[in-house]
Amino acid sequence: MNRPKVTTYKRPKHIDDYPTGPAYQAGHLPEKNAGWRTFKPVIDKDKCVNCLICYLVCPDGVIFKSENKVDIDYDFCKGCGVCANECNVDAIKMEKEEK
Amino acid sequence: MSQEKIFVSGDEAVAYGARLARPHVVAAYPITPQTVVVERISEMVEDGSFATDFMHVESEHSAISAVMGASSVGARTFTATSSQGLAYMAEGLHYASGGRFPIVMMNANRSLALPWSIFGDLRDSLSLLDSGWIQVYVENAQEALDMTIQAYKIAEHQKVLTPFMVNLDGFILTHTYEEIMVPEQQKVDEFLPDFKTPNKMSPEEPKNLGFSTSPADNMEFKYQQHQAMLNSFKIIEETDKDFGNIFGRYYGGLLEGYRTDDAEAILVTVGSVTGTTRVVVDKLRKEGKKVGLIKLRYLRPFPKKELIEAIGQTTRVGVLDKDISFGYEGTIFTNVRSAISEMQNVESVNYVGGMGGRDISKSDIEFMFTDLLETSPAERKSNVQFINMGVETYE
């Protein structure tokens, strides 16, 4: 996965620390974003046949290949369930988030 | 210094100016009375004399969007519009200034519907004074050409990076013919450096452009825009002086005072009506009346300091507005009054006229000067006067 690492956002101290207009070097990820998830997708790795359909359909690009099977980056998964719905072998189940 | 002398309309002068500035991309949609600009540029591209990517877009909203996109990859851009087209661009105008894209646009000042009218007044561009664009208003075709060139130098300055609107009166300037001087291409190339933007979109240095902000940062970006506009005061003066030194035409920077030194009454004018007012000032001066005029060239940034200096000791100031902000007064008047509010003993009167293309004649202007000189403040029912109404009113 080529998602940049989350880096700490340093608040500008002076107006000149801001960029000129809303434009900045790409690749900065100041915070995780998954707080609004109520169901989370869980992959059954035994069932998974590694077809990568889930990887293709994920609207947020949070599915990635891990040890030859797909995995999910829960720091950014919003829990939309598209992957579970599209999985051809029912290897992904949506489970209610605790709390 | 050899400059070619040509006989052209104001629209054509703008097309010549745009060609000399060598924008990489032109995107524009034709609208009366700007159409000739688009036609001439189209012909110049066709005959090979104007090397630009000319995009035939389907609307003004697309025109402003296209030049914004082009500007974001570091291209110099040009567009032109008028009235309804400008209003249709309104969303994009704020976007362009917020994104700090130094687009240059010609606007042919024309009345806004309804009632439908193709003729001139300033209600289109004045309704967008707050869109974050620099606004200059020209008096004649020569100034239109020259300001189209100057516009790039000011807008693209690294301390400014703000889009620039060159306004000329619909028909009065766009469709009348004048003899004008066309600067040499080589001299313009020397005057106008290549466009460089800190926000260039490129594969080598990927950028996130036009992002959103939370309330924690939004105001800082707006403050920056304000600072950039304030920075432009100095750049406008310097650019006009440099232009004058190289090409022999200096326009006075932010504004021009004409016979104001010992004036008892001054009329503040914007755009082509300044020319008519000069003639009237000269006539009245011959008759021994001490009158002068101030041609406000820039309305954003607004030259408060220069205006106070130009008014000097004069105590009677009229403001001619081809505009009315319904329920208040002319918008130029509001701006002038705010600027001179700290001046003591200045009586100011707003003359509203010329709307929807109604002529403002020499006798109309003579009436304004006479009214300024002879009517005492106590006699005035209102300091907002509609001039040259065709019918009786309740005034």
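The values are calculated or read from the model by the stated rules, or taken from the named source; none is laboratory data. Note that this is a predicted model, so its numbers are computed, not measured. Backbone-built Cβ (ideal geometry, glycine too); neighbour counts: all protein chains shown.
With respect to B:GLU205, determine if the residue is in a helix (DSSP H, G or I) and either closer than 23 Å to A:ASP16 by Cβ or within 26 Å of the chain's Cα centre (by Cα) (or both).
Criteria not met by B:GLU205.
If I go through the stretch B:148-177 residue by residue, how many of them are within 30 Å of B:ASP359 (Cα to Cα) and either under 19 Å from the mean Cα position of the chain (by Cα) or hydrophobic (A, V, I, L, M, F, W, C) (or both)?
The first filter runs over the stretch B:148-177 and keeps only residues within 30 Å of B:ASP359 (Cα to Cα), leaving B:148-151, B:164-177.
Checking which are either under 19 Å from the mean Cα position of the chain (by Cα) or hydrophobic (A, V, I, L, M, F, W, C) (or both) leaves us with B:148-151, B:164-176.
The number of residues fulfilling the criteria is 17.
Results for (1) more than 19 Å from B:VAL104 (Cα to Cα); (2) within 11 Å of another protein chain (Cβ to nearest Cβ), shown as yes or no for each residue.
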position: B:GLU178; (1), (2): yes, no
position: B:LYS207; (1), (2): yes, yes
position: B:ASP217; (1), (2): yes, yes
position: B:HIS226; (1), (2): no, yes
position: B:LEU230; (1), (2): no, no
position: B:THR239; (1), (2): no, no
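Condition first: touching a Cys at 6+ places or on another chain (Cβ under 7 Å) and over 30 Å from B:GLU205 (Cβ atoms). Can you find one or more residues in the stretch A:58-67 that meet it?
Within the stretch A:58-67, none of the residues are touching a Cys at 6+ places or on another chain (Cβ under 7 Å) and over 30 Å from B:GLU205 (Cβ atoms).
Given the criteria away from chain A (no Cβ under 14 Å) and surrounded by fewer than 24 Cβ atoms within 10 Å (Cβ to Cβ), does B:ALA75 qualify?
Yes; evaluated as a whole, the condition is true for this residue.
Just for the stretch B:233-246: of the residues that are over 14 Å from B:LYS305 (Cβ atoms) and touching a residue at least 40 places away in the same chain (Cβ under 8 Å), which one is farthest from the chain's Cα centre (by Cα)?
Going through the qualifying residues, I end up with B:ILE246.
Any chance the stretch A:64-73 includes a residue that's among the basic types (Lys, Arg) and out of contact with any strand residue (DSSP E or B) (no Cβ under 6 Å at 6 or more places or on another chain)?
Step one: list which residues in the stretch A:64-73 are among the basic types (Lys, Arg), which gives A:65, A:69.
Then keep just the ones that are out of contact with any strand residue (DSSP E or B) (no Cβ under 6 Å at 6 or more places or on another chain); that gives A:65, A:69.
So far as the stretch A:64-73 goes, yes, one or more of its residues are among the basic types (Lys, Arg) and out of contact with any strand residue (DSSP E or B) (no Cβ under 6 Å at 6 or more places or on another chain).
Can you name every one of the strands (runs of 3 or more DSSP E) wholly within the stretch B:49-128 that holds 1 or more residues which are at pLDDT below 95 and either under 18 Å from the mean Cα position of the chain (by Cα) or closer than 30 Å to B:ASP194 by Cα (or both)?
Hits in the stretch B:49-128: B:53-56.
Return only the number of the condition from (1) among the aliphatic types (A, V, I, L, M); (2) touching a Pro at 6+ places or on another chain (Cβ under 9 Å); (3) away from chain A (no Cβ under 14 Å); (4) under 20 Å from B:MET105 (Cβ atoms) that B:VAL188 does not satisfy.
All conditions pass for B:VAL188, except number (2).
Being buried (at least 24 other Cβ atoms within 10 Å of the Cβ) and among the charged types (D, E, K, R) is the filter here; which residues of the stretch B:157-172 pass it?
Passing the criteria: only B:ASP169.
Starting from residues that are touching a helix residue (DSSP H, G or I) at 6+ places or on another chain (Cβ under 7 Å) and exposed (fewer than 15 other Cβ atoms within 10 Å of the Cβ), keep the ones in the stretch A:12-60 and report whichever is nearest to the other protein chains (Cβ to nearest Cβ).
Applying the filter and picking the extreme gives A:ILE15.
Tell me the residue from A:ASP90, A:ASP75, A:ASP46 that is under 25 Å from A:LEU29 (Cβ atoms), acidic (Asp, Glu) and outside any helix (DSSP H, G or I), please.
A:ASP75
Does B:LYS290 count as free of Cβ contacts under 8 Å to residues at least 60 places away in the same chain and within 18 Å of the chain's Cα centre (by Cα)? Quick ask: steps written out before the conclusion?
Working: free of Cβ contacts under 8 Å to residues at least 60 places away in the same chain: yes; within 18 Å of the chain's Cα centre (by Cα): no.
Judged against the criteria, B:LYS290 is not a match.
Give me a count of the residues in the stretch B:15-40 that are part of a helix (DSSP H, G or I) and closer than 27 Å to B:GLU190 by Cα.
Count: 10.
Just give me the residues in the stretch B:253-282 being buried (at least 24 other Cβ atoms within 10 Å of the Cβ), of a type in the set (Gly, Ala, Ser) and under 14 Å from B:VAL136 (Cα atoms), in sequence order.
Selection gives B:GLY271, B:SER272.
Please determine whether any residue of the stretch B:339-352 is assigned to a helix (DSSP H, G or I) and farther than 19 Å from B:LEU293 by Cβ.
no
Quick one: which of B:PRO203, B:PRO193 is within 14 Å of chain A (Cβ to nearest Cβ) and exposed (fewer than 13 other Cβ atoms within 10 Å of the Cβ)?
B:PRO203
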